[in-house]
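The block underneath contains the structure these notes are about, expressed in structure tokens.
The values are calculated or read from the model by the stated rules, or taken from the named source; none is laboratory data. Remember, it's a predicted structure, so these values are computed and weren't measured experimentally. As a convention, Cβ positions derive from the backbone with ideal geometry for all residues, glycine included, and neighbour counts pool all protein chains shown. To get the accessible areas, we keep the full protein, side chains included, count just its heavy atoms, and leave off ligands, DNA and RNA. Shrake-Rupley method; radii C 1.70, N 1.55, O 1.52, S 1.80 Å.
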Amino acid sequence: SVVILDHPREREDNDRIAIVRINRPDALNALNLEVRQELARIFRELTEDDEVLAVVLTGDEKAFAAGADLKDMADRTTVEMFHRKTERLWQAIADYPKPVIAAINGYALGGGLELAMHSDIIVIGETAQVGQPEVRVGIMPGAGGTQRLTRAVGKFQAMRICLTGRPIDGREAFAIGLASQVVPDTEVYETAYKMAKDITRMPPIAVQQIKSAILKGQDASLETGMALERAMFQGLFATADQSEGMHAFIEKRRPDFKGE
Ligand code: HXC
């Protein structure tokens with residue numbers, strides 16, 4: 001399969017983490033239609049899956065994903081691109097309500113970086129290469145490279161990255177705010193997995209509300225975002241996990257969160 005889902009029920013551990021791995025090594029994990037359809041199907045399936053509390057999205061040591069499949073796109077017309085409706089496939093990932101941690105080694109270019117930017121946390125290897133090289137092949141980013149990237153790193157870095165098409169390495173990506181953490185290449189996956197595990201120990205409803213507040217707030221005025229945050233904050237006082245978390249603190253014991 002071009003995308004592999006490693007589900008907790010297939011592993012020995014009790015970790016409630018799904019690993020989604022892009023698997024087209026011969027093409028540096030280039031995102032053809034089949035890969036995108038598989039990713040969308042898997043994320044839609046995971047949206048209904050209460051067993052899983054966090055996702056690690058990754059590729060292999062050479063590439064997270066080297067972009068949309070250029071061999072497949074070279075002779076397309078506007079009408080064909082329109083009818084592909086790939087925005088629906090991306091939306092399935094954007095709509096996933098629980099934390100997604102991208103673990104990036106090697107290339108994350110074009111659609112590959114755009115895919116990574118659908119995640120909530122990015123752990124990147126020092127020598128990874130990320131960028132928006134679309135301009136070099138006569139087009140422009142089409143799945144967030146001018147939008148999510150600008151929200152992440154600001155106008156001047158986004159302009160540089162999109163207009164020159166020149167990739168930057170993992171250290172620089174971290175320095176400009178395009179990654180949450182940079183680590184030696186060999187530690188990327190392990191670091192991402194540990195972070196996912198940390199998050200799965202947190203109260204799941206609070207976790208989902210935090211993700212939702214940060215993402216929704218990015219597109220709202222401060223006033224609207226603050227109102228949204230306040231309502232969600234107050235709402236959490238209806239959860240058993242709020243009571244458990246605070247009483248565990250007072251009783252000097254570890255909380256046992258149940259997602260209730
Ligand atoms: C199709 C690709 C590919 C791609 C690599 N391959 N990237 N196939 N689409 N995007 C294939 C190569 O054709 C080759 O297959 C094999 O993977 C290994 O790649 P090489 O080029 O031989 O490797 P290397 O010399 O190490 O160079 C790595 C690279 C280069 C710098 C990443 O492959 C590259 O520049 N790739 C294109 C990157 C890019 O422009 N991405 C943006 C695409 S546009 P064969 O069979 O020849 O050995 C885009 C638009 C998104 O993403 C819009 C939103 C939907």
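For residue 139 and residue 11 in one chain, what is 0.36 nm times their gap in residues minus the Cα-Cα distance, to one decimal in nm?
Computed gain between residue 139 and residue 11 is 41.9 nm.
Testing the spin-label approximation: label points 7 Å from Cα along Cα→Cβ at residue 223 and residue 190. State their distance in nm.
Label at residue 223, label at residue 190, 5.1 nm between them.
Could you give the C-alpha radius of gyration of segment 122-227 expressed as a fraction of 2.2 N^0.38 Å, taking N as the number of residues it contains?
1.25
Angle, helix 188-200 long axis vs. longest principal axis of the chain, Cα atoms, 0 to 90°, nearest 10?
Between helix and principal axis, roughly 30 degrees.
For segment 94-170, with equal point scatterers placed on the C-alpha atoms only and solvent neglected, what are the log10 I(q)/I(0) values from the Debye formula at q = 0.11, 0.17 1/Å, to two decimals?
Values, matching the q order: -0.25, -0.60.
If I model a spin label at residue 237 and residue 48 as a point 7 Å from the Cα along the Cα→Cβ vector, what separation in nanometres do I get?
Label-label distance for residue 237 and residue 48, simple model: 3.7 nm.
How many angstrom lie between the C-alpha centres of segment 1-42 and segment 60-106?
For segment 1-42 versus segment 60-106, the Cα centre distance is 13 Å.
Using the Kirkwood formula on the Cα atoms of segment 1-94, what hydrodynamic radius do you get, in angstrom to one decimal?
In segment 1-94 this quantity evaluates to 14.3 Å.
If one computes P(r) from the Cα atoms of the chain, what percent of pairs lie at distances over 26 Å?
Tail fraction, whole percent: 43.
How much area per residue is accessible in segment 17-78 when the probe is 1.4 Å and only protein heavy atoms are counted (Å²)?
Accessible area per residue: 48 Å².
Mean separation of Cα pairs under 8 Å and 6+ residues apart, divided by the residue count of the chain: what relative contact order is that in percent?
Answer for the chain is 16 percent.
Can you tally the net charge around residue 33? Count Lys and Arg as +1, Asp and Glu as -1, for every other residue whose Cβ sits under 10 Å from the Cβ of residue 33.
Once all neighbours under 10 Å are counted, the net charge is -2.
Using the alpha-carbon atoms, what tilt in degrees (0 to 90, nearest 10) does helix 222-235 show relative to the longest principal axis of the chain?
Between the helix axis and the principal axis of the chain, the angle is about 40 degrees.
If the limit is 31 Å between Cα atoms, which of 85/211; 85/194; 62/98; 211/252 go over it?
Beyond 31 Å between Cα atoms: 85/194.
Relative to the longest principal axis of the C-alpha atoms of the chain, give the angle of the C-alpha long axis of helix 204-218, reported between 0 and 90° and rounded to the nearest 10°.
Approximately 50 degrees, to the nearest 10.
Quick check: pseudo-label points 7 Å beyond the Cα along Cα→Cβ at residue 216 and residue 78, how many nm apart are they?
In this crude spin-label approximation the distance works out to 3.7 nm.
For a quick check: with amide H placed at 1.01 Å from N, whose amide H comes under 5 Å from residue 3's, ignoring anything fewer than 5 positions away on the same chain?
Result for residue 3 returns 23.
Expressed as a whole percent, how much of the Cα-Cα distance distribution for segment 197-260 exceeds 13 Å?
64
Out of residues 5 or more away from residue 17 or on other chains, whose amide H comes under 5 Å of its own, with H placed 1.01 Å from N in the peptide plane?
For residue 17, whose amide H was placed from the backbone, the distant partners under 5 Å are 53.
Ranked from the most accessible area to the least, with a 1.4 Å probe and all protein chains present, what is the order of 246, 140, 117?
Final ranking, largest accessible area leading: 140, 246, 117.
Over all distinct Cα pairs, what is the inverse of the mean 1/r for segment 116-161, reported as the Kirkwood hydrodynamic radius in Å?
Kirkwood hydrodynamic radius for segment 116-161: 11.6 Å.
Roughly what % of DSSP beta bridges within the chain run antiparallel, to the nearest 5?
20
Averaged over every viewing direction, what's the projected area of the C-alpha convex hull for segment 26-178? Give it in nm², one decimal, please.
Projected over every direction and averaged, the Cα hull of segment 26-178 covers 8.7 nm².
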